[in-house]
Amino acid sequence: MLDDSRNDPPPLPPKPAVRRGKVSIWKYFRLFKQDILSAQPAHLYRAWMAEMRTPFFRSYLCNDPELVELVLRGRPRDFPKSERVRVGLKPLLGNSVFISNGKTWEHQRRIIDPAFEGGRLRQVFPAMWDSGVAAVARLRSMADGSPLEIEAQTSHLAMDVIFRTLFSVPIENEIAAAAFAAFRAHQNAQPVANISAILPLPHWFPRFHSRKTRATAKTIRSLISQLTTERALAIAAGNAPDDLATKIMTTPDPETGAVFDNEEMTDQVAIFFLAGHETSAAAMAWALYLLALYPDWQERLAKEAEVAFDPDKIYFSTLSRLKDARAVFREAMRLYPPVPMFVREAACPETFRNRAVKRGAQVILSPWHLHRHTRLWERPDEFDPERFETENGKECLRKAYIPFSAGARVCPGSAFAMAEGTLLLSMLVRAFRFERIKGREPMPVAHLTVRAANGIYLRLSPRKASFATKEVER
Ligand code: HEM
């Protein structure tokens, strides 16, 4: 039975409580392991910089836009990824672009970046569309008004997008399904190891990868290796599909002429699977929840999609007509940035806001705090997709909005993810009405990405027939 929550004024989007008072370093570690967000004190929402001193390390959380600019765009080489991040993720990611530094990283980006350039989006668009069609078909049987956990659905959808765009296979493919299952097992097996990757523990602190973590990482890598080996054979035989994997595997480094070998490609595919699916899934789930919380916006998006999607054929240019959907997706990632914090290390002594920062200190960039900073954003905790049209919104977009990071190490999948989120949100709200369930509001918690503590439950009911008959321009 549907409740009458639509008559109540909408509350602010949920935000975790802050930590009250000072705590010992060990208590802080314990809180941090449970949830990065609620372990933090309130003043981080208004501080320009916060220094944390412990007997083992110093860390500096930087909200000052000038510092963010310096670390990410100004002198990124002086703020490499920290060794701690590498150690935590190595069993799964090997030496992937996400954790490499220096010359290796530069070589990897020179090969990867061309695959995600603007023009390539047009080529992957039909595969994204096919994922949306499949998701609408899948959800139809669940759209009966009973509570549905939506994060699991967006996770399935985002992984399907990755498989279709990278390897031209849907998630139902045998290897793809096995890899998705192994990813889920891996995430369950190693949440603590994930946290220790970004937890500012001293260098000597032992980092365990449980046997299960190592086993799931090995399974995932061996499944990926099967995909890349098959693809290498298809490339050699001249019958490989024109997708992202083929593009990456056939692009030589313009400086050295080298292409990725199988091991290097496995490292990269592992990060595409991890970074490309967890993040997009979280962003889409929060966006759908916000649309359920603000039904006027949901109706706006449904109408926009109705007008934008041509009845017979779908074109890449349709994307540019989904302006409201794009604004909603952008605002959802402001309020719930999928990657809440990331860490760099000072490679040399620095001075931040007149304070000496020693070599080796941790430099933390926190989209979570920056995006809700009370001295930068007007009404930071409110949902307002139109804010980016205002002077304040435009200024903050330049200085204080970093869901994809920025500068040299910006997410290479950012344009891909924006297209994916915009398109799929539109397809979903055109097909279904999403309603929130009173008393079951989600509470954000962050481990590696910002998820809901107990899932995001919504009720779905059908609006429109499926997209199955539409043709997409290929
Ligand atoms: C909403 C979706 C996404 C969000 C919010 C997101 C966010 C981010 C952020 C914040 C970083 C930088 C992390 C750091 O510096 O520690 C990053 C890096 C990265 N992302 Fe994404 N990402 C998304 C989707 C994707 C997709 C779809 C792909 C590829 C298929 C991708 C591939 C990568 C890779 C390879 C890196 C490492 C880049 C480097 O270090 O040079 N991401 N992403």
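The values are calculated or read from the model by the stated rules, or taken from the named source; none is laboratory data. Keep in mind that what you see is a predicted model, and the values were worked out from it rather than measured. All Cβ positions, glycine included, derive from the backbone under ideal geometry; neighbour counts span all protein chains shown. These area figures cover heavy atoms from the full protein model, side chains too; ligands, DNA and RNA do not enter into them. Shrake-Rupley method; radii C 1.70, N 1.55, O 1.52, S 1.80 Å.
Quick rundown of the values:
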quantity	calculated
Label-point separation, residue 152 to residue 101 (7 Å along Cα→Cβ), nm	4.1
Whether region 214-278 is rounded, prolate or oblate, judged on the alpha carbon gyration tensor where a/c under 1.5 counts as rounded	prolate
DSSP beta bridge pairing in the chain, given as percent antiparallel to the nearest 5	75
Spin-label pair residue 73/residue 399, simplified geometry with 7 Å Cα→Cβ offset, distance in nm	1.2
Region 14-97, Cα convex hull volume normalised per residue, Å³	156
Nearest-20 debye value, region 36-94 charge dipole, Cβ charges on Lys, Arg, Asp, Glu	280
Sorted peptide list for 368-375, 259-266, criterion being average Cβ within 10 angstrom, highest first	368-375, 259-266
Charge-dipole axis of the chain as Lys and Arg at +1 and Asp and Glu at -1 on Cβ define it, positive-most pick from 339, 427, 245	339
Point-charge dipole on Cβ atoms (K/R +1, D/E -1) for the chain, about Cα centre, debye to 20	1840
Centre separation in Å (Cα based) which lies between region 251-274 and region 66-117	14
Estimated vicinal HN-Hα couplings, Hz - region 89-104 in sequence order (Karplus 6.51, -1.76, 1.60; Gly, Pro = x)	9, 4, x, 8, 9, x, 10, 6, 4, 5, 10, 7, 9, x, 4, 4
Residue (of 283, 294, 273) at the positive-pole extreme of region 257-351, dipole from beta-carbon charges	294
Partners for residue 394 among lysines (Cα-Cα distance below 19 Å; same-chain residues under 8 apart left out)	323
Accessible-area order (highest first, 1.4 angstrom probe) of the listed residues 345, 306	306, 345
Partner lysines for residue 81 [C-alpha distance under 21 Å; skip if fewer than 8 residues away on the same chain]	33, 90, 103, 358
Estimated FRET transfer efficiency (residue 378, residue 17; beta-carbon r; R0 25 Å; 0.05)	0.60
Probe 1.4 Å - accessible area at residue 310, Å² to nearest ten	60
Accessible-area order (highest first, 1.4 angstrom probe) of the listed residues 247, 438, 81, 103	103, 438, 247, 81
Gain on full stretching of the segment that runs from residue 313 to residue 178 - 0.36 nm per residue minus C-alpha separation	45.3 nm
In Å, descending, principal axis extents of the Cα set of the chain	63, 62, 44
Among 354, 168, 182 - extreme Cα towards positive end, dipole of the chain, charges at beta-carbon	354
